[in-house]
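Worksheet: the structure to be examined is printed underneath.
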Amino acid sequence: MKGIVFTEFIEMVEQKFGYEMVDELLTETDLPSGGAYTSIGTYSHHEIVSLVVGLSQKTNLPLPSLLYTFGQHLFQTFEKGYGQFFEGVPNAFTFLESIERYIHVEVKKLYPDAELPRFQTKRLDENSLEMIYQSERSMGDLAHGLIASSLEHFNEKAEIYRESLAEGGKIERFVITRI
Ligand code: HEM
């Protein structure tokens, strides 16, 4: 998993819980890499899981809600750092549809070792978009937070329905309905 995911996670923990929490988390979690993350490095995705689980234990906040919040934080980073993916995009559905066929394709060109999920999208009707998330890394909660922030970015109000289509969160179906 790319270093940017780790450095942004550490930044979110610092912003929301303070530097002491970052310090405790990095010293008390078993991190094979040693925990000195740089945005250009690549680390095992197991380490991000260990960090989020550790944060959940320390804060008593549920793991899914921490991942969702992290998705929202990551979205802000993408907004600032990857403005080109938003240029000329008229609405949230078009943006969400562009992840699989454009954004993550470009990400993979920039970082060939990036581990990205797959998204299948389908318009169910004028106001509903189906997105099927698929990844060995089971980060549907992160995707959920990113989807919610995408809607906010375009000032669109919508309901996000979600269901699991496979064990262990490897396939998650979202239906996003504009209201
Ligand atoms: C400008 C927009 C975006 C950029 C630049 C971007 C880029 C990235 C990057 C760099 C990673 C890390 C890959 C790795 O660590 O190896 C990633 C992972 C991921 N992205 Fe995106 N992304 C964008 C938008 C989105 C949106 C809107 C969603 C949700 C619908 C999304 C869903 C995910 C998920 C869930 C992962 C975690 C990996 C996994 O689940 O397998 N991304 N993305």
> Considering Ile48, Ile99, which residue is without any contact (Cβ under 8 Å) to a residue 24 or more places away in the chain and in a helix (DSSP H, G or I)?
Replying inline: Ile99
>> Within the stretch 82-94, does at least one residue satisfy the condition of being open to solvent by 70 Å² or more (accessible area, probe 1.4 Å), assigned to a helix (DSSP H, G or I) and more than 10 Å from the ligand (Cβ to nearest atom)?
In response: no
> Which one is nearest to the ligand (Cβ to nearest atom), of the residues in the stretch 105-125 that are assigned to a helix (DSSP H, G or I) and surrounded by 12 or more Cβ atoms within 10 Å (Cβ to Cβ)?
Replying inline: Val107
> Here is a list of conditions, (1) buried (at least 19 other Cβ atoms within 10 Å of the Cβ); (2) among the aromatic types (Phe, Trp, Tyr); (3) assigned to a helix (DSSP H, G or I), and Tyr133 meets all of them except one; can you say which number that is?
Replying inline: (3)
>> Looking at Tyr161, Tyr102, can you tell me which residue is on the phi < 0 side of the Ramachandran plot, within 12 Å of the ligand (Cβ to nearest atom) and not acidic (Asp, Glu)?
In response: Tyr102
> Looking at (1) in contact (Cβ under 8 Å) with a residue 12 or more places away in the chain; (2) more than 21 Å from Tyr133 (Cα to Cα), can you tell me which one Phe75 breaks?
Replying inline: (2)
> Out of the stretch 1-25, which residues are assigned to a helix (DSSP H, G or I) and over 21 Å from the mean Cα position of the chain (by Cα)?
Replying inline: Tyr19, Glu20, Met21, Asp23, Glu24
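The values are calculated or read from the model by the stated rules, or taken from the named source; none is laboratory data. No experiment lies behind these values; they were computed from the predicted model shown. Please note: Cβ atoms are built from the backbone with ideal geometry, for glycine as well, and neighbour counts cover all protein chains shown. Ligands, DNA and RNA are excluded from the accessible area calculation, which covers all protein heavy atoms including side chains. Shrake-Rupley method; radii C 1.70, N 1.55, O 1.52, S 1.80 Å.
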